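For reference, the structure is listed below as C-alpha cells.
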Amino acid sequence: MTPVQYLKKTEKKRLSELFTFLSFPSVSAKSEHKKDLVACAQWLTDHLKGIGFKTRLVKTKGHPLVYAEYKAGKNLPTIMYYGHYDVQPPEPMELWKSNPFKAEIRGGAIYARGACDDKGQTFAHIKGLEAVLKTEGKLPVNVKMLIEGEEESHSVNLPAFIRKEKKKLDADIVVVSDTAQFSKDLPAVTFGLRGIAVAELFVYGPTRDVHSGTFGGAIANPINILCQMVGQLHDKNGHITIPGFYSGVKPVSKWLKSQYKKLPNREKAFLKELNIPAMHGEKGFSTYERMWDRPTLDCNGIKGGYQGEGAKTIIPSFASCKITMRLVPGQDPNDICNKLEKHLKKLAPKSVRIKVDKGGGAKGVVVPADGPWLEAAGRAIEKGFGKKPVFMKEGGSIPIVVDFKEVLGLDTLLIGFGQNDDNIHSPNERFRVTDFERGCRTATYLPFELASVKG
Ligand code: BES
Ligand code: MN
Ligand code: MN
C-alpha cells in the first residue's frame, strides 16, 4: 500500500480524529479556557505518541507546548514542523451557522473554529507522516515537531523555549502550513510575511459623562479628539505620517515587481467576495505591494460613549482605540510603537489626557524565494495538488518564524493549504475537505522531496 492509498483507506477515521481535535475550545486569548488548552495539548501529545513519535508536553509560563520527535538516522536531514493548536475567539457567536467547537461538514467543507487556522493544516502534516510511517515503516527524514498554544497571543513564551533548547532544536529547515493557497485550486509557496506592532490609545476627558448641552463647546470631547488624532495618522495619499515610520523600509525591488506582474490579478475577485465598491490604499504601489511589502496602520476597534438605542446627549468621559500596524523587514515593533506613542502625544491637544498602551509585536520576515528547499516543497505540492504552485508573499504574521531564523538560523517553508475565503478569525471558519486531503497528500510527499535535497 502507498501512503496515498493509506490516506484513502483511513479517510473517515482521519476526519473523525480531526473533529475531536477541533472540539477543544483552545482559545488562547481567554483565561477561562486555560484548562481546554491543556486538554487539547494533552490529546495532541497522546495522538502523536500513538503514531510513533517521542513526545513531550512542555509547560510554559502560559499555555503548554507540544513537542514531538522522530529519529530516522544521523545522516538524514531534519525537518522541523511548526503549527499552533490555539485558536481565535469564536465571537460573534450569533453569526455562526453551527457550533464552532462541534465540527460539521456542509457543502464539502469542515466548519469549526480552527478548521483552517491552524488545527486542520497542522493535522494534515501529522496524518501525512502517519501514512508514510504506517506504509513504509519509517520516515526518510528526522522530524522535530513544535505545536504551540499561543500563536494567536503573539507566541509570548515560545522564544524562551527555543533559546533554551537551541541545541536540541537543531534542524535543516522548518515547515509551516499556516498560510493560504494563492486562490482556488492554485497552491502557493509563500516567501515572506509581514510583522506586527500592537498598541491601544486612550483619550480621557471629564471624570464622568456630562450633558453635551451644558458643557458642549467648552470642553474637549474625547471621541471627537480621538477621531481627529487617528484621522491624522494617514495623509491624503495613504502614507503613514508617524515621523520615522518608514526608516528601514526598503523599496520594492524590480525583481519582486516583475514577479507580482506574473501573478493573476485578484482585485475583481476581492471586490466581489468582500462586496466592496473599490480597492483602497497607499498611492504609488500595486495591490500586491500594498498587501505584502508595505507597512500599514489599522484601527481594529473603537470604544467610547453611548452605544444603546436612541440618542443620548453626552460628552463622554473617555474614548479608546485598538491599533495594529503591519510591519515589513527593517522595522522593529518596539521602535514603531515608541514612534507612534510620541506622535500621538504630539497630536493630542492640551484639553485631554492620553495614554498609549504598547503591546506585543513581531518583525516581518523574508525567506529565500528560490533554492533547493523551495523547489522540493514545490514538487511535493505539485504531487499533492496536481498543480504547480505559484510563489507569493502574505500580509499576515507568524511571529515565531523570525526567531527560527534569528535564534536557530533556520529558513522556513511556508506552504498553506487553506484559502482566503476560509473565514479565519471570522464566524463560520472552514477548511474544504478537498484542501485537507490535498494537504495530507502533500504531507506524504514532502519528507521524500526534502530528503532528496541533502541526499
Ligand atoms: N495563520 C495566521 C497568519 C496568516 C494569516 C498568514 C493570513 C497568512 C494569511 C496566524 O494564525 C495569525 O493569525 N497571526 C496573527 C499574529 C498576531 C496575533 C501576532 C496575525 O497575523 O494577526
Ligand atoms: Mn495561524
Ligand atoms: Mn490566526
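The values are calculated or read from the model by the stated rules, or taken from the named source; none is laboratory data. Just so it is clear, the structure is predicted and the values come from calculations on it, not from any experiment. For neighbour counting, all protein chains shown are included, and Cβ atoms are generated from backbone atoms with ideal geometry for every residue, glycine included. We work out accessible area using only protein heavy atoms, side chains counted, and drop any ligands, DNA or RNA first. Shrake-Rupley method; radii C 1.70, N 1.55, O 1.52, S 1.80 Å.
Going by the conditions given, is Gly128 away from ligand 2 (no atom under 16 Å from the Cβ), open to solvent by less than 30 Å² (accessible area, probe 1.4 Å), closer than 25 Å to Phe21 by Cα and of a type in the set (Gly, Ala, Ser)? Spell out the reasoning first.
Details: away from ligand 2 (no atom under 16 Å from the Cβ): yes; open to solvent by less than 30 Å² (accessible area, probe 1.4 Å): yes; closer than 25 Å to Phe21 by Cα: yes; of a type in the set (Gly, Ala, Ser): yes.
When the stated conditions are applied, Gly128 passes them.
Out of the strands (runs of 3 or more DSSP E) lying entirely within region 334-432, which hold 2 or more residues that are under 23 Å from Ser153 (Cα atoms), among the charged types (D, E, K, R) and open to solvent by 30 Å² or more (accessible area, probe 1.4 Å)? Steps first, please.
Values: elements: 353-362, 390-394, 412-414, 430-432.
In region 334-432, the matching strands (runs of 3 or more DSSP E) lie at 353-362.
Of (1) over 27 Å from Val252 (Cβ atoms); (2) in contact with a Cys (Cβ under 9 Å, 6 or more places away or on another chain); (3) within 16 Å of ligand 2 (Cβ to nearest atom), Ala180 satisfies all except one. Which?
(1)
So, restricting to strands (runs of 3 or more DSSP E) that lie completely within region 138-209, which ones have at least 2 residues that are farther than 25 Å from Glu406 by Cβ and of a type outside the set (Asp, Glu)? Break it down stepwise before answering.
Numbers: elements: 142-148, 173-176, 188-193, 195-204.
Fully inside region 138-209 and qualifying: 195-204.
What are the residues in region 137-161 that are away from ligand 1 (no atom under 16 Å from the Cβ), surrounded by 19 or more Cβ atoms within 10 Å (Cβ to Cβ) and aliphatic (A, V, I, L, M), if any?
Leu139, Val141, Val143, Met145, listed by residue number.
Among the residues of region 66-101, what is the count of those that are under 29 Å from Ala377 (Cβ atoms), more than 16 Å from ligand 3 (Cβ to nearest atom) and in contact with a helix residue (DSSP H, G or I) (Cβ under 6 Å, 6 or more places away or on another chain)? Break it down stepwise before answering.
So in region 66-101, the residues under 29 Å from Ala377 (Cβ atoms) come out as 66-88.
Imposing the further condition that a residue be more than 16 Å from ligand 3 (Cβ to nearest atom) reduces the set to 66-81.
If we keep only those that are in contact with a helix residue (DSSP H, G or I) (Cβ under 6 Å, 6 or more places away or on another chain) too, we end up with 66, 68, 77, 79, 81.
Going through region 66-101 one residue at a time, the tally reaches 5.
State yes or no: is His47 in contact (Cβ under 8 Å) with a residue 12 or more places away in the chain, touching a helix residue (DSSP H, G or I) at 6+ places or on another chain (Cβ under 8 Å) and either part of a helix (DSSP H, G or I) or not assigned by TED's automatic domain parsing to the domain that holds Thr444 (or both)?
On the way: in contact (Cβ under 8 Å) with a residue 12 or more places away in the chain: yes; touching a helix residue (DSSP H, G or I) at 6+ places or on another chain (Cβ under 8 Å): yes; either part of a helix (DSSP H, G or I) or not assigned by TED's automatic domain parsing to the domain that holds Thr444 (or both): yes.
Answer is yes for this residue.
Any idea which of (1) within 16 Å of ligand 3 (Cβ to nearest atom); (2) open to solvent by less than 10 Å² (accessible area, probe 1.4 Å) is the one Asp117 doesn't satisfy?
All conditions are met except number (2).
Might you check whether a residue that is assigned by TED's automatic domain parsing to the domain that holds Leu233, charged (D, E, K, R) and at negative phi occurs anywhere in region 275-283? Please lay out each step first, then the result.
Initial filter on region 275-283 (assigned by TED's automatic domain parsing to the domain that holds Leu233): none.
No, region 275-283 has no match at all.
Applying the selection to region 16-42, what residues are crowded, with 16+ Cβ neighbours inside 10 Å and over 23 Å from the mean Cα position of the chain (by Cα)?
Glu17
I'm trying to understand the selection: among the residues of region 384-430, which are within 21 Å of Asp185 (Cα to Cα), away from ligand 3 (no atom under 16 Å from the Cβ) and within 16 Å of the chain's Cα centre (by Cα)?
Met392, Lys393, Leu413, Ile415
With Thr324, Thr287 as the choices, which residue is within 24 Å of the chain's Cα centre (by Cα), closer than 30 Å to Val402 by Cα and not assigned by TED's automatic domain parsing to the domain that holds Pro206?
On the way: Thr324 fails: not assigned by TED's automatic domain parsing to the domain that holds Pro206.
Going through Thr324, Thr287 in turn, just one is within 24 Å of the chain's Cα centre (by Cα), closer than 30 Å to Val402 by Cα and not assigned by TED's automatic domain parsing to the domain that holds Pro206: Thr287.
Which numbered condition in (1) in the same structural domain as Asp357 (by TED's automatic domain parsing); (2) open to solvent by less than 50 Å² (accessible area, probe 1.4 Å); (3) not charged (D, E, K, R) is the only one that Thr214 fails?
Evaluating Thr214 over (1) in the same structural domain as Asp357 (by TED's automatic domain parsing); (2) open to solvent by less than 50 Å² (accessible area, probe 1.4 Å); (3) not charged (D, E, K, R) leaves (2) as the failure.
Being more than 26 Å from Pro389 (Cβ to Cβ) and either hydroxyl-bearing (Ser, Thr, Tyr) or open to solvent by 60 Å² or more (accessible area, probe 1.4 Å) (or both) is the requirement here; does Thr313 meet it? Outline the logic, then answer.
Details: more than 26 Å from Pro389 (Cβ to Cβ): yes; either hydroxyl-bearing (Ser, Thr, Tyr) or open to solvent by 60 Å² or more (accessible area, probe 1.4 Å) (or both): yes.
For Thr313, the condition - more than 26 Å from Pro389 (Cβ to Cβ) and either hydroxyl-bearing (Ser, Thr, Tyr) or open to solvent by 60 Å² or more (accessible area, probe 1.4 Å) (or both) - is met.
If a residue has to be assigned by TED's automatic domain parsing to the domain that holds Thr122 and surrounded by fewer than 17 Cβ atoms within 10 Å (Cβ to Cβ) to count, how many in region 187-211 make the cut?
Count: 0.
Quick check on my filter: what residues within region 235-269 are open to solvent by less than 30 Å² (accessible area, probe 1.4 Å) and over 25 Å from the mean Cα position of the chain (by Cα)?
Ile242
Taking Val175 as the residue in question, decide whether it is surrounded by fewer than 23 Cβ atoms within 10 Å (Cβ to Cβ) and either assigned by TED's automatic domain parsing to the domain that holds Asn423 or within 16 Å of ligand 1 (Cβ to nearest atom) (or both). Before you say what the answer is, go through the steps one by one.
On the way: surrounded by fewer than 23 Cβ atoms within 10 Å (Cβ to Cβ): no; either assigned by TED's automatic domain parsing to the domain that holds Asn423 or within 16 Å of ligand 1 (Cβ to nearest atom) (or both): yes.
Considered against the rule, which asks whether it is surrounded by fewer than 23 Cβ atoms within 10 Å (Cβ to Cβ) and either assigned by TED's automatic domain parsing to the domain that holds Asn423 or within 16 Å of ligand 1 (Cβ to nearest atom) (or both), Val175 comes out as no.
Exactly one of these conditions fails for Ala109: (1) away from ligand 2 (no atom under 14 Å from the Cβ); (2) open to solvent by 10 Å² or more (accessible area, probe 1.4 Å); (3) touching a Lys or Arg at 6+ places or on another chain (Cβ under 9 Å). Give me its number.
(2) is the only condition that Ala109 fails.
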